[in-house]
1. Taking 0.36 nm per residue of separation and subtracting the Cα-Cα distance, what length does fully extending Leu164 through Arg11 add?
2. Going by accessible area, probe 1.4 Å, with all protein chains left in place, what is the ranking of Arg91, Arg11, Arg109, Arg162, largest first?
3. Just checking my list (i) 15.1, 45; (ii) 19.4, 62; (iii) 16.2, 54 against Rg and Dmax of the Cα atoms in Å computed from this structure; which label fits?
4. Given a 10 angstrom Cα cut-off, can you work out which residue in Asn52, Asn161, Asn138 is the most mobile in a GNM of the chain?
5. Would you mind computing, in nm to one decimal, how far apart the modelled labels at Phe137 and Asp113 are, each placed 7 Å from Cα along Cα→Cβ?
6. In Å², and per residue, what accessible area does the chain have when probed at 1.4 Å with the other protein chains present?
7. Taking 0.36 nm per residue of sequence separation and subtracting the Cα-Cα distance, how much length would be gained by fully extending the chain between Thr33 and Arg4, in nm to one decimal?
8. Report the antiparallel proportion of the DSSP beta bridges in the chain as a percent, rounded to a multiple of 5.
Amino acid sequence: TDGRFLQDLARRVAMRTESKAPARPPELLAYLTDEIGPSLAKLGFEFRVFDNPVADAPPLLVAQRIEGADLPTILAYGHGDVVQGHEGQWRRGAGPWALTVEGDRVFGRGTSDNKGQHSVLIASLAAILETRGHLGFNLKILLEMAEEVGSIGLEQFCRHNRELLDADLFIGTDGPR
């Protein structure tokens, strides 16, 4: 209710992370290095951006907050890339890179796939930490930037980083992953 969530989501939607657009690789990387990584670092996460194992494919981020070796570990998945914005094809007063709020509905590219979902996750974690000061579990987050083009390199990355991604429970914030 204080507006922080919509501010965060608006900032993320404004980032043109179209994975199918040939001129977007800098935005795909910046989404991880300038937006998501620092947002998680404020919550006590360590993060690292990895090159995709497939040449010229978008990067991936792994963040983790380990509170104790004896605690269960959750792995959460999401993606920050979006389908093409189709500027000029949105109805008047709306566009892909600006958040539009109409009543209880929010519009903008990525609000429902997948920037909105991982923004809810980050906001929820912040609320838990503000209230309790700790999560009570370990959390790892895997965020890719190539889901809209077939998750290029994701399988190889996961196979080569099994130990890094090891967890007791998996939560996908985007469909049946």
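1. 52.2 nm
2. From most accessible down to least: Arg162, Arg91, Arg11, Arg109.
3. Answer by label: (iii).
4. Asn161
5. Between Phe137 and Asp113, the simple spin-label model gives 2.7 nm.
6. On a per-residue basis, the chain sits at 53 Å².
7. Details: separation 29, 0.36 × 29 = 10.44 nm, distance 2.02 nm.
Residue separation times 0.36 nm, minus the Cα-Cα distance, leaves 8.4 nm.
8. On the way: 14 of 26 bridges.
Here the share of antiparallel DSSP bridges comes out near 55 percent.
The values are calculated or read from the model by the stated rules, or taken from the named source; none is laboratory data. Given the structure is predicted, the values throughout are model-derived calculations rather than measurements. Quick reminder, even Gly has a Cβ in these numbers, built from the backbone with ideal geometry, and neighbours come from all protein chains shown. What goes into the accessible areas is simple: the full protein's heavy atoms, side chains included, and nothing from ligands, DNA or RNA. Shrake-Rupley method; radii C 1.70, N 1.55, O 1.52, S 1.80 Å.
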